[in-house]
Every structure is written in C-alpha cells, then in structure tokens.
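All remarks here apply to the structure that follows.
The values are calculated or read from the model by the stated rules, or taken from the named source; none is laboratory data. These figures come from a predicted structure and were not determined experimentally. Cβ coordinates were reconstructed from backbone atoms using ideal geometry, including for glycine residues, and neighbour counts include every protein chain displayed. What goes into the accessible areas is simple: the full protein's heavy atoms, side chains included, and nothing from ligands, DNA or RNA. Shrake-Rupley method; radii C 1.70, N 1.55, O 1.52, S 1.80 Å.
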Amino acid sequence: MGVVINQSIKNTIVTYLGFGLGAINTLFLFTRFLSDEYFGLITFILSTANILMPLMAFGVNNTIIKFFSTFKTRQSQNSFLTLILFLPLVIIIPFGAIGYFAFDTISTWIANDNELVKDYVWLIYISAIVFAYFEVFYSWAKVQMQSVFGNFMKEVFHRLGTMILLFVLYLELISVDQLIVYIVLLYVLRTCIMMVYAFSIKRPVIKFSRPSNLVAILKYTTLIIIAGSVANVILEIDKFMIGFYNILENVAYYSVAIYIASVIGVPLRSMHQITNPLTAKYLNEKNKEGLKDLYKKSSLNLLIVSGFIYLLIILNINELYRLIPEQFGNGILVVFLIGLAKLFDSLLGNNNSILFNSDYYRTVLVQGVFLAVISVLLNIYFIPLYGLNGAAYATFISVFLYNVIKVLFVYKKFGILPFSENTLKVFLLILATAFVFYFWDFPFHPVINIGLKSAIIGLVYGGFCYFFNLSGDITKLLNTILKRN
C-alpha cells in the first residue's frame, strides 16, 4: 500500500483544496452573485454534460487502465494509444452532425418548454466532449502512476477559475451570459493543459496498426460505455430531472446540498486515482492475495476517513445552513441521505476497479443498466411527490441496491469481501459519536461553533482510531505526523 498511501494522501490534499474552493463558490459566491435560476441553469448544463461524458469518451478512459499493462513492447503500446486517441471520434462526430441538423428538436426536448435552458443546449455538447477527453488524458497519465497533477486539474483548476470569473461578474466586467460561456471555455483550457501534461509523460507516437487483442478491446470499450453511463446516470440524473421538471431554482438548492454531501466521497475519489491502475495490474497478473489485501485495506481506510467527514457534516449541518441564504435551507435531509450513500460507496473500497477491470464486467453492466432504469423511474415517481427530498430518496435507494449487488458479485466470483472485524468497530464508533454529539451545540457564531465542535469530534474519533489501532496504515501515518517510531 506504500505507493497507494503516498499518492492517496497527496490526492486527498489536492482534492480537499479543490472542494474548499468549490465550497466557497457553491455556498457563498453562486448563491449571492447569481440568481437562483441561473445558478440552477449552470448546474443543469454541467450535470447533463456529465451524463453524456462516458458516451463521448467511448469508454476509452477505462480501457486504457484495463489494457495498458498487457502491452509489453513500445510498438504495441503506441498502436494501442493511437487507437485510444481516435476512438472517441466514432461517437463525437456523428452526434455532432445529428445535433447540428436536429438542433431545434433536441433543444426543445431537453429544455422542456424552459426557454432559458434552450439557449444554452449547445454548451452541453461541447462540455461533454471536453469532459470526455480530459478523462482520456488523465487516464493516460494514471497508467504511468502519475495521478497528482491530473487530480489538481480535475479538482482545483476549474474551481479556482470559476471563482475568479464569479468575482469578475460581481465587478460587472462580464454579463451572466458571458459567465456561462467562459465557464465552459475554462473546461476546454483544462483539457488542453491535461493533454500537454499527459503527452509530456508518455509522448504519443501515432502508429495505425492493429493491436493483437483489438476485438477484446473493442468489446470492452463498447460495453464500458454502459458502465460509465450507468454510474453517471445514478449520480447526475436527479439534477437533470429536477431541471427537466421546469424548476431551475430547485436545481440550485439541491446542488448545494449535494455538494455538501459530496465532500464525504473525496477520499474515495483520491484513492481511486491510484488503486484503479494498481487493481488492473493485480488482475492482469492474477495476484489474488495482492488484490484481497488492497480490497480490505482500501475499504477500512476509506470507511474511517469518510466516516469522520460524514460526522463533521451531519453534526454541524444546522450551523452550516445558518451561513447561507435561507431559501437553500431545505436540503438537510438530502445531505443526510446522499451522505449515507457516499459513505456506503467508501465502504466498498476499490470494488468498482475490481469489477470494471475484470472479465466479469459484462454481467455487472446488465445489472447496472437495470438499476439505472430503476433510478430514472424512482426520480419520476418521487420528485413530483417530494421535490428535492424525492430526488434524494431515489438516489439513495439506487446507490444502495447497486452497491449491494456489486459486493455480492465480487464475493461470488473472487471469494473476497472488503469487511473485517475492524469494520464493525468503526461503524459502532461512528454511531456512538453521532449519538453523543448531535444535540450538543455552542451558543456562539456558527463559524466558531463549527470549529469548536469539529475539533472535539476530531480528538475523540481520531483518538479511538489511534489507540485501538483500527487501521495499521492510518496509525503508521499518524505516528509519522507525530514523529513517533
């Protein structure tokens, strides 16, 4: 776990820096510098583009990770990487042509009589393309075990740029319409920078020759589109459908709650950048012991860290909502439910990497498609009934079912589970800490209350983890920080 812990720590620091900037943007700048409707519009555009991203990428961002380590010669690697660079165009070009000739029909359907959305539908297509190629170039770097810079570009760059643009808007140097376009151009610039970096690590040599396992590659990349689409549908369909029901302001309110809850998933995102290629390597080498060890350690470490973050959020949520405009305060239940879903994701460790880099991905895709359909149907049912909370119900149920199926499937095919005796101990610690601290607040300003309460929770939670050695990796890390042997 040495390289995993090393790069995971760096990635976590970078990711939290990005989330800190994003929190300022989402909780304070967007909510004060833009109308709720335009805030919802921007969220709708980017969420819809994220749903389309796996399709535009043609799955090659995952294909690089699965197959790159199987190519041992420079010539075979060049042929494979050339294929990877051009394969997304198979989808991008036809979709662009269809969009050009049927723009009015498509934009009218997506906007669903919301004229404000209709004027910006073309930005969804552009955003989806640059999101897709960013992931391709990021995976290009990750297979060389270089993930930190790409994580900086993924988590920090666009949020810092968005913050600057929001202040420029506040100074009335640009209009809201220009802001939306500039945010998309920011993502274009991000992709170009990532391309230069990826190519500096592994210079592309264009070689149009057939890889020896072309059929296997094309089968995988075609099917993995479905996998990526399933994951993104489950994650993003709620925001799309809230907007689809002509309530753009509610997209803004929901996105604030989602953003707060998404902080819980940061350690998983950070660790995934390095565990994904490492998992593919273990699978290709048929190293079952290494895979089992990585599975259990990633699950336990993520549960401890994500559980702590979940506690900080739910135990301070009322104070946090006192800091933002009152109309955004209806999302507490959303934070609670989506936070639980994120915590369950973390409990699975590198489960996704095992599934999508193994030979069993086809079966999982069928299950995933079924659950994506269930997710859409649940949103259709719950959103009209319960509004924002309805979207949270739908997402939580979908994620819960999807994760249960994935855990059982990995156990059936590989005979391994991510849980250990310490998993139960950590769960009991999370429950006990939540019970003790939920009703305890200080009578001060919300910022002071959050700081004091978080410090106390950190000492109690961290102290239990350390003194009872719930994770050897985390104990070792704390000893290093404390300069103890």
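Which pairs break 31 Å Cα to Cα here: K66/K297; K207/K412; K281/K406? If you can, show how the numbers build up before the last one.
On the way: K66/K297 21 Å; K207/K412 41 Å; K281/K406 20 Å.
Result: K207/K412 exceed 31 Å.
Which aspartates and glutamates have a Cα lying under 15 Å from the Cα of K413, excluding residues fewer than 8 positions away in the same chain? Within the straight-line limit of under 15 Å, K413 reaches these aspartates and glutamates: E289, D359.
The charge dipole of the chain, taken about the Cα centre with unit charges on the Cβ atoms of Lys, Arg (+1) and Asp, Glu (-1), comes to about 2420 debye, rounded to the nearest 20. A cut-off under 9 angstrom between Cβ atoms defines the neighbours of F134, and their net charge, with Lys, Arg +1 and Asp, Glu -1, is +1. When the charge dipole of segment 256-361 is built from unit charges on Cβ atoms (+1 for Lys and Arg, -1 for Asp and Glu) and taken about the Cα centre, the candidate among P325, T279, A341 whose Cα reaches farthest toward its positive end is T279. Among residues other than I201 with Cβ under 15 Å from its Cβ, the summed charge is +4 (Lys and Arg +1, Asp and Glu -1). Each Lys and Arg adds +1 at its Cβ and each Asp and Glu adds -1 at its Cβ; summed about the Cα centre, segment 267-379 shows a dipole of about 300 debye.
Protein heavy-atom surface of the chain, 1.4 angstrom probe: 68% of the accessible area is carbon and sulfur, with nucleic acids and ligands not counted.
Computed 3J(HN,Hα) for segment 461-477, one whole-Hz value per residue from the Karplus formula 6.51 cos²θ - 1.76 cosθ + 1.60 where θ = phi - 60°, is 5, x, x, 4, 4, 6, 6, 9, 6, 5, 9, x, 5, 5, 4, 4, 5, glycine and proline marked x.
Ordered from highest to lowest accessible area with the whole protein assembly present and a 1.4 Å probe, R32, R269 read as R32, R269. For the pair Y100 and E289, label points projected 7 Å from Cα toward Cβ lie 5.8 nm apart.
Hey, what's segment 122-220 come to in accessible area per residue, 1.4 Å probe, Å²?
Numbers: 4500 Å² over 99 residues.
Per-residue accessible area for segment 122-220 comes out at 45 Å².
If you take the alpha carbon atoms of segment 50-100 and fit the smallest convex hull around them, that volume is 61 Å³ per residue.
Using only the Cα atoms, what convex hull volume per residue in Å³ does segment 344-417 have?
On the way: hull volume 5.5 nm³, N = 74.
Hull volume normalised by residue count: 75 Å³.
Put simply, when 422-435, 33-46 are sorted by average Cβ atoms within 10 angstrom per residue, most first, you get 33-46, 422-435. Only helices enter this figure: runs of n ≥ 4 DSSP H residues, each worth -39500 (n - 2.57), summed and divided by the residues of the chain, yield -26000 deg cm²/dmol at 222 nm to the nearest 500. The three principal axes of the Cα atoms in the chain give end-to-end lengths of 69, 58, 41 Å, sorted in falling order. At q = 0.11, 0.17 Å⁻¹, what log₁₀ I(q)/I(0) does a Debye calculation on the Cα points of segment 243-358 give, no solvent, two decimals? With no solvent term, the Cα-only Debye profile gives -0.46, -0.81. A prolate overall shape is assigned to segment 154-227, the ratio a/c of its alpha-carbon gyration tensor axes (a ≥ b ≥ c) being 1.5 or greater and a/b exceeding b/c. Placing +1 on each Lys and Arg Cβ and -1 on each Asp and Glu Cβ, with no other charges, gives segment 130-201 a dipole about its Cα centre of roughly 240 debye. A 1.4 Å probe run over segment 296-449, with the rest of the protein chains in place, finds 45 Å² accessible per residue.
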